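Trainee: Let me begin by handing over the structure; questions about it come next.
The values are calculated or read from the model by the stated rules, or taken from the named source; none is laboratory data. Worth saying up front: this structure is predicted, and the values here are computed from it rather than measured. Positions of Cβ are generated from backbone atoms using ideal geometry, with glycine treated the same way; all protein chains shown enter the neighbour counts. We work out accessible area using only protein heavy atoms, side chains counted, and drop any ligands, DNA or RNA first. Shrake-Rupley method; radii C 1.70, N 1.55, O 1.52, S 1.80 Å.
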Amino acid sequence: MHRTGHTHSVSRLVGSVGIVAIGVAGNTGFDTPLRTIPALLLIALGVAGVTSTAREAGTARLRWMAKRWWVLAFATFLPYALATAPDSEAAAAVGDAFAGPVAGLVLESVAGAMALCAVSMSVLYAFARYGIHPGRPTPEERVLADGGDD
């Protein structure tokens, strides 16, 4: 069986993360004062794309997705940390493999994009956990449906 819906969401997710990374790179890599607005727009567009892939997810799935994003954010931060601030000679040797302005910009962009996506999924999970989830009753509607304090 061909799963076109899954393929579509994966391609949307990859594209959205790429847009976030381009926004982070644009904000980091250019020195002009006009870089901030386009970079923020790209980041917002990419984060909206990432969060739209979790539109139909339940609370348990959102929790799993948030954890996965934080693991990815940590995993992408390690090479960036080794390249920019090694603590020992062994770490400096590993970091030298990632040295260079282009590699540093790419590492920082990917690590920043993953951290922003992890934060956005964590916010979605927090909203869902406390009852603010699309298609579900609001906390106020639930209180009114339960009868409130009698």
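Trainee: Quick one: Ala54 ticks every box in (1) open to solvent by less than 30 Å² (accessible area, probe 1.4 Å); (2) of a type in the set (A, V, I, L, M); (3) under 14 Å from the mean Cα position of the chain (by Cα); (4) closer than 19 Å to Ala111 by Cβ except a single one, so which number is it?
Mentor: Tallying (1) open to solvent by less than 30 Å² (accessible area, probe 1.4 Å); (2) of a type in the set (A, V, I, L, M); (3) under 14 Å from the mean Cα position of the chain (by Cα); (4) closer than 19 Å to Ala111 by Cβ, Ala54 fails exactly one: (4).
Trainee: Do we find a residue being modelled with pLDDT under 85 and either on the phi > 0 side of the Ramachandran plot or open to solvent by less than 70 Å² (accessible area, probe 1.4 Å) (or both) anywhere in the range 117-129?
Mentor: For the range 117-129, residues modelled with pLDDT under 85 and either on the phi > 0 side of the Ramachandran plot or open to solvent by less than 70 Å² (accessible area, probe 1.4 Å) (or both): present.
Trainee: Only one of (1) at pLDDT below 85; (2) hydrophobic (A, V, I, L, M, F, W, C); (3) open to solvent by less than 70 Å² (accessible area, probe 1.4 Å) is not met by Ile132, so which one is it?
Mentor: With (1) at pLDDT below 85; (2) hydrophobic (A, V, I, L, M, F, W, C); (3) open to solvent by less than 70 Å² (accessible area, probe 1.4 Å) applied to Ile132, the lone miss is (3).
Trainee: Same structure, new question: If you check every pair at least six apart or on different chains, which have Cβ atoms under 9 Å apart with a residue in the range 56-81 that is of a type in the set (S, T, N, Q) first and a residue that is in a helix (DSSP H, G or I) and surrounded by fewer than 17 Cβ atoms within 10 Å (Cβ to Cβ) second?
Mentor: What qualifies is Thr59/Arg129.
Trainee: Might you let me know whether the range 91-108 holds any residue that is open to solvent by less than 70 Å² (accessible area, probe 1.4 Å), closer than 21 Å to Val123 by Cα and modelled with pLDDT under 85?
Mentor: no
Trainee: Look through the range 30-58, keep the residues that are out of contact with any Cys (no Cβ under 9 Å at 6 or more places or on another chain) and hydroxyl-bearing (Ser, Thr, Tyr), and return whichever of them is modelled with the lowest pLDDT.
Mentor: The residue in question is Thr32.
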